[in-house]
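Encoded as structure tokens, the structure appears first; notes follow it.
The values are calculated or read from the model by the stated rules, or taken from the named source; none is laboratory data. Treat the numbers as computed from the prediction; the structure is a model and nothing was measured. No Cβ is skipped: glycine too gets one built from the backbone with ideal geometry, and neighbour counts run over all protein chains shown. The area values use the complete protein model at the heavy-atom level, side chains included, leaving out ligands, DNA and RNA. Shrake-Rupley method; radii C 1.70, N 1.55, O 1.52, S 1.80 Å.
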Amino acid sequence: MKNQFLIPANSKKSTLILSLFTPFDLGLFAGGICLSMLMLLIISPNSIGGAIIDLAPGVIGAFLVLPLPNYHNAHTLIKEIYLFYTRRRCYIWKGWCVKDEFGDK
């Protein structure tokens, strides 16, 4: 029974805060809430439009850290979509071959 390890299926979640958030996610959310509070103090909303503008940073921050299936939040999903369409896609696959047919023999 030497050198046999069992890796739990949820080991990725154990690196996240509350199994959902990274430190950047919490900073993004806190920054949006603080900016909304500051805007509410500076620009007191006299109408629905003013209230929407004042609350927009907090709502956007909350949307970006909202948990999604297969991605830990919307921020990660948007980042992955952006990187997929902007990065040069070059897929190199060597496989599990015993000998490389293009390399040294």
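Quick notes on this structure:
- Phi-based couplings in Hz for region 76-87 (Karplus 6.51, -1.76, 1.60; Gly and Pro marked x): 5, 4, 4, 5, 5, 5, 4, 5, 5, 8, 9, 7
- Taking amide hydrogens as placed 1.01 Å from N in the peptide plane, the amide H of LEU66 sits under 5 Å from those of ALA74, HIS75, each at least 5 positions away in sequence or on another chain.
- Most tightly packed first, judged by the mean number of other beta-carbon atoms within 10 Å of their residues, the peptides 21-32, 37-48 read 21-32, 37-48.
- Residues TYR71, TYR82, sorted by accessible area with the largest first, give TYR82, TYR71 [1.4 Å probe; ligands and nucleic acids excluded].
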